[in-house]
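Colleague: To start, I am sharing the structure in question, which I have written as structure tokens.
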């Protein structure tokens, strides 16, 4: 049986959004590559890109315009220079041209079309690419959907990376049954599946690189002052928080007295890096990128969990839980609201922390369920279309919720009335019923009630 590659939920990229930045960059590169492979580049005169739904509503604030320029040029989110991408679109307009792989073509502001009120049937995050000859004939036309977490699909099904695995599961109940029948942990099952898909060496390398990138992002955010991009002029505060906590910590014993405050600082540090468009790990999205690194960094410092266990057991367990949300509900804010992003990440972090603190598979499932249960109905309403307010603080609060869920689960025996599968299905239904105003469109909630100045 085939299975979603769970580790695909963790990708090293750039901020501020996996669905609005990383996904569109990938889509643009896919389109440019097809142009080249089909022999159309010599006759290319103009490209027009139309952004529908949520992408049309908040794409500018989420860095979509810049990402498209970088993607057409052949850049990838995990290797590009984040600082160069930050101004890619205005730089292209000022120059009057943009690059499609190795070829330069003229560009104007009308080559990007925003249609926020039109939602395509398959997904709210839709992009239409059209390439034209000098006489206006269409060379190539493709529609892509940025479905959350940096995943991109076309109109044809099957774009999700899947492979044959030894331990397939499509629900938390099936995963728990596998743990009982094989006497393997959740992390061991996901590792075996990942090795079958990618190979042992590649799995180990990816886990190490992802955890190292998470650590680097936390530490960069704790060491950076300044103002975040955009007219909201939001000041970074993680570095100031860290300095104050370090001063207080010098006067306190034991060391863990300020652990909860540090946890919040770690989450804010990551999401400030994300909001600044810097290097982050999609986990499982960029809008929720601070939760899993923050909880892991907390475990590293205050629970003496080693980097090796965090790279392996912590990330693998989180990936198992995240894959259930991806398969059975959604991790897209444009589809499910912020419960799909922050809620999923909170659930992943809670289960993963429970695992590295010695929890059983049923306690892990319980922690993941508790965490999502108390994020149900969470809206996605970014002020001004920026991944800043309330997104940054929301990650800090969710990191604390993940820790609380872990404590509740570890103080029980794993038995509970509401299963993770039930909560995931409830989240899916809630997202389906939620008004589009509260799904990453910035036309409802805080986005219209906060004065943007």
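The values are calculated or read from the model by the stated rules, or taken from the named source; none is laboratory data. Here the structure is a predicted model, which means the values were calculated and not measured. FYI the Cβ positions are ideal-geometry reconstructions off the backbone, even for glycines, and counts take in every protein chain you see.
Colleague: Sort out for me the helices (runs of 4 or more DSSP H) sitting completely within the range 166-231 that have 2 or more residues that are on the phi < 0 side of the Ramachandran plot, touching a strand residue (DSSP E or B) at 6+ places or on another chain (Cβ under 8 Å) and not assigned by TED's automatic domain parsing to the domain that holds residue 359.
Modeller: The helices (runs of 4 or more DSSP H) meeting that bar number zero.
Colleague: If we scan the range 383-393, do we find a residue that is within 24 Å of residue 177 (Cβ to Cβ) and either surrounded by 24 or more Cβ atoms within 10 Å (Cβ to Cβ) or touching a residue at least 24 places away in the same chain (Cβ under 8 Å) (or both)?
Modeller: Within the range 383-393 (the criterion being within 24 Å of residue 177 (Cβ to Cβ) and either surrounded by 24 or more Cβ atoms within 10 Å (Cβ to Cβ) or touching a residue at least 24 places away in the same chain (Cβ under 8 Å) (or both)), the answer is no, since none of the residues qualifies.
Colleague: Taking into account only those residues within the range 328-358 that are part of a helix (DSSP H, G or I) and touching a strand residue (DSSP E or B) at 6+ places or on another chain (Cβ under 6 Å), which is surrounded by the fewest Cβ atoms within 10 Å (Cβ to Cβ)?
Modeller: In this case the residue turns out to be 334.
Colleague: Those residues that are assigned to a helix (DSSP H, G or I), in contact with a helix residue (DSSP H, G or I) (Cβ under 9 Å, 6 or more places away or on another chain) and touching a residue at least 60 places away in the same chain (Cβ under 8 Å), I need them from the range 26-55; list them, please.
Modeller: 26, 27, 28, 30, 31, 32, 35, 41, 53, 54, 55
Colleague: A further question follows. Which helices (runs of 4 or more DSSP H) does the range 359-443 wholly contain that include 1 or more residues that are more than 24 Å from residue 332 (Cβ to Cβ) and out of contact with any strand residue (DSSP E or B) (no Cβ under 7 Å at 6 or more places or on another chain)?
Modeller: Where helices (runs of 4 or more DSSP H) fall fully within the range 359-443 and carry at least 1 residues being more than 24 Å from residue 332 (Cβ to Cβ) and out of contact with any strand residue (DSSP E or B) (no Cβ under 7 Å at 6 or more places or on another chain), they are 361-373, 391-410.
Colleague: Among (1) over 29 Å from residue 283 (Cα atoms); (2) in contact (Cβ under 8 Å) with a residue 24 or more places away in the chain; (3) in contact with a helix residue (DSSP H, G or I) (Cβ under 7 Å, 6 or more places away or on another chain), which single condition is residue 71 missing?
Modeller: Checking residue 71 against (1) over 29 Å from residue 283 (Cα atoms); (2) in contact (Cβ under 8 Å) with a residue 24 or more places away in the chain; (3) in contact with a helix residue (DSSP H, G or I) (Cβ under 7 Å, 6 or more places away or on another chain), the one that fails is (1).
Colleague: Any idea which of 288, 299, 259, 294 is within 30 Å of residue 24 (Cα to Cα), outside any loop (DSSP other than H, G, I, E, B) and outside the structural domain of residue 81 (by TED's automatic domain parsing)?
Modeller: Matching residue, one of 288, 299, 259, 294: 294.
Colleague: Further question on the same structure: Here are the criteria: (1) in the same structural domain as residue 313 (by TED's automatic domain parsing); (2) crowded, with 22+ Cβ neighbours inside 10 Å; (3) without any contact (Cβ under 8 Å) to a residue 60 or more places away in the chain. Tell me which single one residue 145 does not satisfy.
Modeller: (1)
Colleague: Would you mind finding the one in 312, 373, 393 that is within 15 Å of residue 425 (Cβ to Cβ), at pLDDT 95 or above and not assigned by TED's automatic domain parsing to the domain that holds residue 60?
Modeller: 373
Colleague: Within the range 108-138, take every residue that is closer than 19 Å to residue 71 by Cα and over 30 Å from the mean Cα position of the chain (by Cα) and give me the one that is surrounded by the fewest Cβ atoms within 10 Å (Cβ to Cβ).
Modeller: Selected residue: 108.
Colleague: Let me ask something else. Consider residue 243 carefully, then state whether it is part of a helix (DSSP H, G or I) and within 18 Å of residue 351 (Cα to Cα).
Modeller: Taking the combined requirement at face value, the residue does not satisfy it.
Colleague: Might you check whether a residue that is out of contact with any strand residue (DSSP E or B) (no Cβ under 9 Å at 6 or more places or on another chain), buried (at least 23 other Cβ atoms within 10 Å of the Cβ) and under 20 Å from residue 342 (Cβ atoms) occurs anywhere in the range 43-60?
Modeller: yes
Colleague: So is residue 147 under 30 Å from residue 42 (Cα atoms) and assigned to a strand (DSSP E or B) or not?
Modeller: Judged against the criteria, residue 147 is not a match.
Colleague: Take the residues in the range 1-10 that are touching a helix residue (DSSP H, G or I) at 6+ places or on another chain (Cβ under 7 Å) and not in a loop (DSSP other than H, G, I, E, B); name whichever of them is nearest to residue 273 (Cα to Cα).
Modeller: Restricting to residues being touching a helix residue (DSSP H, G or I) at 6+ places or on another chain (Cβ under 7 Å) and not in a loop (DSSP other than H, G, I, E, B), the top hit is 9.
Colleague: Quick one: which of 368, 319 is under 16 Å from the mean Cα position of the chain (by Cα) and buried (at least 24 other Cβ atoms within 10 Å of the Cβ)?
Modeller: Going through 368, 319 in turn, just one is under 16 Å from the mean Cα position of the chain (by Cα) and buried (at least 24 other Cβ atoms within 10 Å of the Cβ): 319.
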